[in-house]
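Here the structure is laid out as structure tokens; the discussion comes afterwards.
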Amino acid sequence: MFVSNQQKIRNTLKDRWSKIVPMLELQIGKLLQDRMVPEDILLRKETLDYYLICPGRDETEVSSHTERLAARICEKIFCPDKLLEDLQINLYIFPLKPTDFESSSGIKHFIFEHEDSEGRSMTVGRHNYASCRPEHINNKLVRQISGLRSTCDSFFLKLSPMPEKDEDLLPYRSALARIAEATKIVNLTIGKILDGHAALPAGNSVPKPVAVAAAPASPTTETKLQNELAATIGEHAELVYFPIWDVKKQLVNSYRAAIVRHLPSETVELNSGAETDIAAHLIDWLLIQKTQQDNIDDQDGGDASAFVLPLHINTLLSAQHFTKIELRLKALSIVQRKQLKIEVIGATHNTIFETIKKQVAKIRIYCASVCFRLPPGAKPTANFRKAGVSSVGFHVADLLNEKSNIEKEIEQLAMLSEKYHLSSFVYGVDSIAEAALSIGSGVNFISGHTVGNALEIPWGTLPFEVESLYARVLSS
């Protein structure tokens, strides 16, 4: 694993590069050590150049493992820092024989004399790290199957030892038959949970394979959504969540659904509110599917967090487009609705308030609260509260596009929101200066890369203090 593209960073940072390298080595080394199993061996050849030996894994397993490691390094260390985000990791994977690593000296001699280019190679950077990350685990599914298997275990634990007398065999066999029937039911239930994957009933032998053409595997809901995202926007797009910081409670307790594009120049948020070349209703349709997929009923009480779903006002105004989304909203349970906040975006200065009021009433029954993203220059008024809106705010990208006075807009937002008993939010906060301005003005909710990078799935309720904003700056 070799950190490449260093020359460009060296030219930018000049003398500071030599001070940053030890910090990078410390962070990379810690991350690699945390992801190693006891059998793995980590060697440092030279600065930012490492060898990881993985006994017991074949080339395919090692390729997958090291790609995920490289993706995590890019996500956690390189990409959060604008100065380092162009760094990449070059991977070279090649096989070793058991005799090559019988001793430490043998390992070093073989490894350091080996030509990296002989093995399988790959480069991981900000342009492709998202596709190399570990797949999302459906924890709800895991818990369901684990619970059912525990039920089977409890059946067998209650079974007494096999009797020695013949007269006691009849009730014992009867108990075995009941357990076999119960296990069969549990197996079939697991099969249904796994979306039609056949579960073998208890007591049946494995049938011999029949030579028939294999039917194509049914794609999972998550795969279908990813395919639809790629077809609608492109392979470079990703459905994510931005953590939202509740400043007064000092918690991250809600997550804003968004679509980001990993472009060669930078990563941009597609549904920031600014006009794009993708129709609003297509973006909204992808986001409602994502939030419905991840918003489950059985979140633990201590980990429960809210989902913020942005919906464009043009989608709400279109009966054709909103009907499809409304069917998804209607399918949400009461628990899921309590965990959902809907944010109306895309309104302009020409949008009359009666229109806003009608659209808020249309969606209010499906969520815990309705937020409203203001266009630049707009001011909170008492009418928002009367219409059923609980929170108003800006996205920094909108303010930048309109070349607004960001400081004035945010200060005015916080002051008027408090006056009219509304919560205030500022999203897209990607610098410490913007975060400090928002905090000092009295904004209630802040989101953006300064608070946390985009996530594949929400992490529940987490403590987040003011000092957390400066942790990255202090560490560097």
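The values are calculated or read from the model by the stated rules, or taken from the named source; none is laboratory data. The structure displayed is predicted, hence computed values, not measured ones. Every residue, glycine among them, receives a Cβ derived from its backbone with ideal geometry; neighbour counts consider all protein chains shown.
For (1) surrounded by 15 or more Cβ atoms within 10 Å (Cβ to Cβ); (2) touching a His at 6+ places or on another chain (Cβ under 7 Å); (3) closer than 22 Å to E418 by Cβ; (4) not assigned by TED's automatic domain parsing to the domain that holds A435, each residue gets a yes or a no:
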{"residue": "L327", "(1), (2), (3), (4)": "no, no, no, no"}
{"residue": "K330", "(1), (2), (3), (4)": "no, no, no, no"}
{"residue": "I334", "(1), (2), (3), (4)": "no, no, no, no"}
{"residue": "I342", "(1), (2), (3), (4)": "yes, no, no, no"}
{"residue": "T348", "(1), (2), (3), (4)": "no, no, no, no"}
{"residue": "K358", "(1), (2), (3), (4)": "no, no, no, no"}
{"residue": "K362", "(1), (2), (3), (4)": "yes, no, no, no"}
{"residue": "P375", "(1), (2), (3), (4)": "yes, yes, yes, no"}
{"residue": "K379", "(1), (2), (3), (4)": "no, no, yes, no"}
Yes/no for L24 being modelled with pLDDT of 85 or more and either outside the structural domain of T450 (by TED's automatic domain parsing) or of a type in the set (F, W, Y) (or both) | yes
Pairs only if they're at least six apart or on different chains, beta carbon under 7 angstrom, first in segment 263-282 and under 18 Å from C79 (Cβ atoms) and surrounded by fewer than 17 Cβ atoms within 10 Å (Cβ to Cβ), second aliphatic (A, V, I, L, M) and at pLDDT 65 or above; list them, first residue then second.
-> V268/V260
Just one of R35, R44 is assigned by TED's automatic domain parsing to the domain that holds G125, of a type outside the set (S, T, Y) and farther than 22 Å from Y129 by Cα; which is it?
-> R44
Out of the residues in segment 404-437 that are of a type in the set (S, T, N, Q) and part of a loop (DSSP other than H, G, I, E, B), state the one that is nearest to H449 (Cα to Cα).
-> S431
When both residues are 6+ apart or on different chains and their Cβ atoms are under 6 Å apart, which pairs have a first residue that lies in segment 229-258 and is under 15 Å from I278 (Cα atoms) and modelled with pLDDT of 90 or more, and a second that is among the charged types (D, E, K, R) and part of a strand (DSSP E or B)?
-> A258/E269
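Of all residues being among the hydrophobic types (A, V, I, L, M, F, W, C) and assigned to a strand (DSSP E or B) in segment 371-401, which is farthest from G346 (Cα to Cα)? Just the residue, please. Please lay out each step first, then the result.
Narrowing segment 371-401 to residues among the hydrophobic types (A, V, I, L, M, F, W, C): 371-372, 374, 378, 382, 384, 387, 389, 392, 394, 396-397, 399-400.
Filter once more, so that each one left must be assigned to a strand (DSSP E or B): 371-372, 389, 392, 394.
Working: C371: 12, F372: 9, V389: 15, V392: 13, F394: 11 Å.
Per the criteria, the residue is V389.
Do we have V268 as modelled with pLDDT of 90 or more and in the same structural domain as V451 (by TED's automatic domain parsing) here?
Details: modelled with pLDDT of 90 or more: no; in the same structural domain as V451 (by TED's automatic domain parsing): yes.
No.
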Name, by its number, the condition in (1) outside any helix (DSSP H, G or I); (2) touching a residue at least 12 places away in the same chain (Cβ under 8 Å); (3) farther than 21 Å from L251 by Cβ that does not hold for I296.
-> (3)
Of the conditions (1) of a type in the set (D, E); (2) at pLDDT 85 or above; (3) loosely packed, with under 14 Cβ neighbours inside 10 Å, E434 clears all except one; give me its number.
-> (3)
